[in-house]
Amino acid sequence: MRTALITGVTGQDGAYLSHFLLGKGYRVIGMVRRSASSDVIGERLRWLGILDRVELVDGNLTDLASLIRLVAEYQPDEVYNLAAQSFVATSWQQSLVTGQVTGIGAVNMLEALRIANPKARFYQASSSEMFGKIQEPRQSERTPFYPRSPYAAAKLYAHWMTVNYRESFGLHASSGILFNHESPLRGIEFVTRRITDGVARIKLGLADHLPLGNLAAMRDWGHARDYVQAMWLMLQQESPGDYVIATGRTRSVREFCELAFAHAGLRADDHIRIDPARFRTAEVDVLCGNAAKAEQTFGWRPTATLEELAAEMVDADLVRHRVKHGSWSDRP
Ligand code: NDP
Ligand code: GDP
């Protein structure tokens, strides 16, 4: 039985990756940071029905000793570093924490592996935000980076350190440059989930409008369930590498709103309010990925369409609000 250690196991990708690896027969060790809310911290794993099958262990990405201890004790075959301060908007308010967790945290894990388990295969959760002010209309592994936020700068540092540890110490370390990926388990602060949660509340009469920022921003959105498979595939290759994972289609925030509202039988224009406070300090206007290398190397392709993704997210948020507010009269 192979063992995987996942940091960020309580997040969106941690939950889907755990589910996928358990299905492949892995022993899954999930690192969680100490929290006063430990009763709710496993909610995403519970949603997927796997909370009791993931072994949750204490650790923190900013505490090198805790990482060394975990790696030495469990001797994982594969380590997936998904933990991060992952929200771009917060990274301007907490740029130092973002640097410590999202940037240096990844190097802490690389060091822990170098010291305690250099044979383990390592996955770093890099981001399309590193392309920022885009230098090419479709971004691939060869496109120059231009980060536009403290989050993106921290991810870029972690990305190059992953490359550097591979080249300097021969670690099997890969970096997945993943474009935005969403699901019913997406954090509520990200725009797609904000929209589908807002649609559900408006549909159920719990709200009448939804404040949003820049509707013109364009993203290449995929489904998290598809994207975690790419993480695993990267670590199954004989040689480590860097791979863009994307759908190759870009759509605006406005288009996503229209899909989500229409799925609930509503008109987006009747309910959206523009809130200038929600505009970014510096914006990433458009992202569109070219995942040809991943397709050619290990046959990865996305399966979910944006229409299916929006529908699944709206339906899940309708269910959540009905459970919370006790009304089951209007099932999706
Ligand atoms: P989430 O925000 O849902 O999850 C982040 C995870 O990191 C949580 O489990 C959180 O724990 C954990 N974490 C934060 N700080 C620490 C710390 N100091 N020590 C240990 N754990 C910590 O992110 P996603 O699942 O959406 O994304 C996974 C990774 O992929 C992230 O690194 C993200 O930046 C990156 N990424 C995501 C993309 C996306 O579209 N989703 C696109 C490209 C990259 P807690 O629950 O305690 O807060
Ligand atoms: P990001 O690509 O990692 O920053 O993912 P987000 O989902 O947080 O944001 C995607 C885009 O949606 C950005 O260009 C935001 O400016 C835009 N956006 C517009 N309104 C909102 C909002 O209310 N919340 C968030 N999070 N983003 C918004």
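The values are calculated or read from the model by the stated rules, or taken from the named source; none is laboratory data. Please read these numbers as outputs of a predicted model, since none were measured by experiment. Cβ coordinates were reconstructed from backbone atoms using ideal geometry, including for glycine residues, and neighbour counts include every protein chain displayed. The protein model used for the area step is the full one, side chains on, heavy atoms only, and it has no ligands, DNA or RNA in it. Shrake-Rupley method; radii C 1.70, N 1.55, O 1.52, S 1.80 Å.
Residue ranges 75-87, 226-238, 244-256, 7-19 sort as 7-19, 75-87, 244-256, 226-238 when ordered by packing (mean number of other C-beta atoms within 10 Å per residue, highest first). Under the convention that each Lys and Arg Cβ holds +1 and each Asp and Glu Cβ holds -1, the size of the dipole of the chain around its Cα centre is about 160 debye.
Using only Cα atoms, find the angle between the long axis of helix 12-23 and the longest principal axis of the chain, and express it within 0 to 90 degrees, rounded to the nearest 10. The angle comes out near 60 degrees. On the beta carbon distance between SER168 and ARG53, with R0 = 35 Å, the FRET formula returns roughly 0.45.
Would you mind checking the tilt of helix 105-116 against the longest principal axis of the Cα atoms of the chain, expressed as 0 to 90 degrees and rounded to 10? Helix 105-116 sits roughly 30 degrees off the main axis of the chain.
Ranked by the mean number of other Cβ atoms within 10 Å of their residues, highest first, the peptides 64-71, 93-100 fall in the order 64-71, 93-100. Placing unit charges on the Cβ atoms of the charged side chains and taking the dipole of the chain about its Cα centre, the candidate lying farthest along the positive direction among LEU204, ALA84, HIS271 is ALA84.
Here region 186-248 has an Rg and Dmax of 17.0, 54 Å, counting Cα atoms alone.
Suppose the Debye formula is applied to equal point scatterers at every Cα of region 82-232; what is log10 I(q)/I(0) at q = 0.15, 0.19, 0.20 Å⁻¹? The Cα Debye sum returns log10 ratios of -0.86, -1.25, -1.34. Surface analysis of the chain yields an accessible area of 44 Å² per residue, using protein heavy atoms and a 1.4 Å probe. Placing +1 on the Cβ of every Lys and Arg and -1 on the Cβ of every Asp and Glu, with no other charges, gives region 42-171 a dipole of roughly 400 debye about its Cα centre.
Please report the spacing between the Cα centers of region 104-149 and region 36-53 in Å, no decimals. Each part's Cα centre sits 28 Å from the other's. Evaluating 6.51 cos²θ - 1.76 cosθ + 1.60 at θ = phi - 60° for every residue in region 292-302, the Karplus couplings come out as 4, 5, 5, 5, 5, 7, 9, x, 7, 9, x Hz, glycine and proline recorded as x. Using equal-weight Cα scatterers in the Debye expression, the normalised intensity of region 236-285 in log10 at q = 0.22, 0.23, 0.25 Å⁻¹ is -0.96, -1.00, -1.06. Placing +1 on the Cβ of every Lys and Arg and -1 on the Cβ of every Asp and Glu, with nothing else charged, gives region 103-211 a dipole about its Cα centre of roughly 120 debye.
Against the empirical 2.2 N^0.38 Å (N residues), the chain has a Cα radius of gyration ratio of 0.98.
Cα-based Rg of region 37-105 per 2.2 N^0.38 Å, rounded to two decimals?
Against the empirical 2.2 N^0.38 Å value, I get 1.29 for region 37-105.
Pairwise Cα separations in region 229-332 fall into 10 Å bins from 0 onward with the following percentages, short to long: 12, 28, 30, 22, 8, 0. Projecting the Cα atoms of ALA120, GLN75, THR192 onto the charge dipole of region 52-203 (Cβ charges, centred on the Cα centre) puts THR192 farthest toward the positive pole.
Dividing the Cα radius of gyration of region 155-314 by its Kirkwood radius returns 1.05 for Rg/Rh. Using C-alpha pairs under 8 Å with a sequence gap of at least 6, the mean separation divided by the residue count of the chain gives a relative contact order of 17 percent. To the nearest 10 degrees, how steeply does helix 191-203 sit against the main Cα axis of the chain, on a 0 to 90 scale? Orientation of helix 191-203: about 30 degrees from the principal axis. Please grab the % of Cα pairs in region 114-175 that end up more than 18 Å from each other. I get 40 percent for the Cα pairs in region 114-175 exceeding 18 Å. Normalised by the number of residues in region 131-272, the mean separation of alpha-carbon contacts (under 8 Å, six or more apart) gives a relative contact order of 26 percent.
Of the solvent-accessible surface of the chain, computed with a 1.4 Å probe and all protein chains present, 48% belongs to carbon and sulfur. Calculate, in whole percent, how much of the Cα-Cα pair population of region 1-90 lies beyond 16 Å. Looking at region 1-90, the distances longer than 16 Å represent 50 percent of pairs.
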